[in-house]
Amino acid sequence: MQLIYQLRGLITTFFYRWVIRPLVFLWEAEKAHNKLKQFGLIFASNRFGRRLLKILFYYKHSSLNTMVDGINYDNPIGLSAGFDKDGELTDAYPLTGFGFAELGSFTGDVCPGNPGVGRRLFRLIKSKSILVWYGLNNQGAEAIAKRLQGKEFNIPIGINTAKTNNSVNFVLQISIDDYLKTVNEFSNIGHYYTINISCPNTQDGEPFVNRENLEALLSALDEVKQENKPLYIKIAADLATDEVDTIVDTCLQYKVDGLVLTNLAKPSMSNEYLKEELTFDKGALSGLPVQRLSTNVVRHVYQRTRGKITIIGVGGVFNADDAYEKITSGANLIEMVTGMIFEGPQVIGEINRGLVKLLKKDGFSSIEEAVGSRNPLKQV
Ligand SMILES: Cc1cc2nc3c(=O)[nH]c(=O)nc-3n(C[C@H](O)[C@H](O)[C@H](O)COP(=O)(O)O)c2cc1C
C-alpha cells in the first residue's frame, strides 16, 4: 500500500506542478483563488467528484490521530483561514485529507473587503509567497451561519472570527460587539473558535495588541463562549517580543485555550523574499517569508506557556519537514494555505505521509510525543 501512496504522490505532484499550476497561474491571483474554489465546489457536489478527490488525495494513518482540547483529529494538518472566507467547501476538505479546516475570517457584518476587487492578491513566485490585501471580505456571520446551520462536518471545523473592516475609527465596545455577534451566530456550528486580532489589512489597525483592549475582549468572550468549544487567539508574525509576551500573559490570565501562530507578516518586517517581486505597496506576506518568523514565535510561546496551552503553528509549511519543525518546536496542530496553492492539494497527504516517517525515525508513536521535543522547556 505504501508503494501505491508513493506512486500516487509522485504522479499527482508532477501533474500539479507541470500542468495545473502553470494554467492556474495564468489567471490573476484573486481570480485564480475564486476559480479554485469553484472547482472544489463542483468536485464536492457530485459522487464521481467526491470519489475522485478521495482516490487522488486522501491519506490516513493511526499514528497521526491526535486529541487536542477534547477534540479528536485524524491528523494534525488543517486548512488555515483565508482560503474559504465564506465557509463554502466543507464537504471537500475531509476528502483531500485535511485533519481539520478553519473557515473565515467571518465578521459581524457583511464585509466587502478592501477596494480593488480582482487586484487584492499578488503572487511572489520565486519567494514562494502571496501578498494579501483582501481586508476580510466575507458574506458576514449571519448569512454564513444560516447556510452552515445543521450541516454535518466530517472533520473538526474552526470558526475564525474577525472584526468587520468598515471604519478607520476604532471604538472598543463596537469592536467587541462585532466579535460577539459572530461567536453567538456560530454557537452551535463548528468545533473551536479562533479570534483573529491580527489582520494586517484593516482600516483601524490591530488595536487588540493593546493589553487593556485585549482584556476587555477576552472578558466579554468569556461570558458567551461555550464550555466545550475551545477558543484560540490568532496573532501576527511580526510582533515585538514584549507584545507577544503581553498577549500570551493576558491569554493565560483569561484561560484562553490556545494561540494560532501566526498570521501574515508585513513586507517591512521580513527579509526573506525578493524585493523586486513586490509589485504593490499595501498588504502583507504569506508563505516562505513567514516560515521562520512564525516558527520562532511558536518556540517562544511554547517556552513562555510551559507547553500548557494549545499552539496551532501556521506559516510557510510546504512539506513534512516544515510541519515537523513546527510540531517539534511546540505546535500541537498545523495549518496551511500558501503551501497548498504552490504545491497542490496532494501536498496534504504527502505531508501526512512524511510525518508518519519522521515520527518513526525519531522513535515517537504519536504526534503528542513529538510536540516540543526539539524545544525542551528551559529551567526557570
Ligand atoms: C489569500 C489569503 C487570505 C487570508 N485571509 C485570512 C483571514 O481572513 N483570516 C486570517 O486569520 N488569516 C488569513 N490569512 C492568513 C493565513 O491564515 C495564514 O495565517 C498565513 O497565510 C500564513 O500561512 P501560509 O504561509 O500557510 O499561507 C490569509 C492568507 C492568505 C494567503
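See the values below:
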| quantity | calculated |
| --- | --- |
| All helices (runs of 4 or more DSSP H) inside region 1-106 with 3 or more residues being under 30 Å from TYR232 (Cα atoms) | 29-44, 93-96 |
| Selection from region 109-122 of residues that are more than 25 Å from TYR273 (Cβ to Cβ), away from the ligand (no atom under 14 Å from the Cβ) and either without any contact (Cβ under 8 Å) to a residue 12 or more places away in the chain or not aliphatic (A, V, I, L, M) (or both) | ASP109 |
| Scope region 284-307; condition open to solvent by 10 Å² or more (accessible area, probe 1.4 Å), over 17 Å from ILE351 (Cα atoms) and either hydrophobic (A, V, I, L, M, F, W, C) or free of Cβ contacts under 8 Å to residues at least 12 places away in the same chain (or both); matching residues | LEU293, ASN296, VAL297 |
| Some residue of region 320-330 being under 20 Å from ILE125 (Cα atoms) and either at pLDDT below 95 or within 15 Å of the ligand (Cβ to nearest atom) (or both) | yes |
| Index of the failed condition, ILE42 passing every other in (1) open to solvent by less than 20 Å² (accessible area, probe 1.4 Å); (2) farther than 17 Å from LEU121 by Cα; (3) β-branched (Val, Ile, Thr) | (1) |
| Inter-residue pairs, beta-carbon under 7 Å, first closer than 21 Å to LEU52 by Cβ and more than 11 Å from the ligand (Cβ to nearest atom) and in region 331-358, second among the hydroxyl-bearing types (Ser, Thr, Tyr) and not in a helix (DSSP H, G or I), 6+ apart | GLY349/TYR58; GLY349/TYR59; ASN352/TYR59; ARG353/TYR59 |
| Only one of GLY99, GLY82 that is within 13 Å of the ligand (Cβ to nearest atom), among the small types (Gly, Ala, Ser) and crowded, with 19+ Cβ neighbours inside 10 Å | GLY82 |
| Which numbered condition SER268 fails, given (1) touching a strand residue (DSSP E or B) at 6+ places or on another chain (Cβ under 6 Å); (2) closer than 24 Å to ASN114 by Cα; (3) in a helix (DSSP H, G or I) | (1) |
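Every residue, every condition in (1) open to solvent by 10 Å² or more (accessible area, probe 1.4 Å); (2) touching a Lys or Arg at 6+ places or on another chain (Cβ under 7 Å); (3) within 19 Å of ILE312 (Cβ to Cβ), yes or no:
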residue	(1), (2), (3)
ALA145	no, no, no
ASN154	yes, no, no
PHE170	yes, no, no
ASP177	yes, no, no
CYS199	yes, no, yes
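The values are calculated or read from the model by the stated rules, or taken from the named source; none is laboratory data. As the structure is a prediction and not an experimental result, all values here were calculated from the model. Reconstructed Cβ throughout: ideal geometry from the backbone, glycine too, with neighbour counts over all protein chains shown. The accessibility values were calculated without ligands, DNA or RNA, using every heavy atom of the protein model including side chains. Shrake-Rupley method; radii C 1.70, N 1.55, O 1.52, S 1.80 Å.
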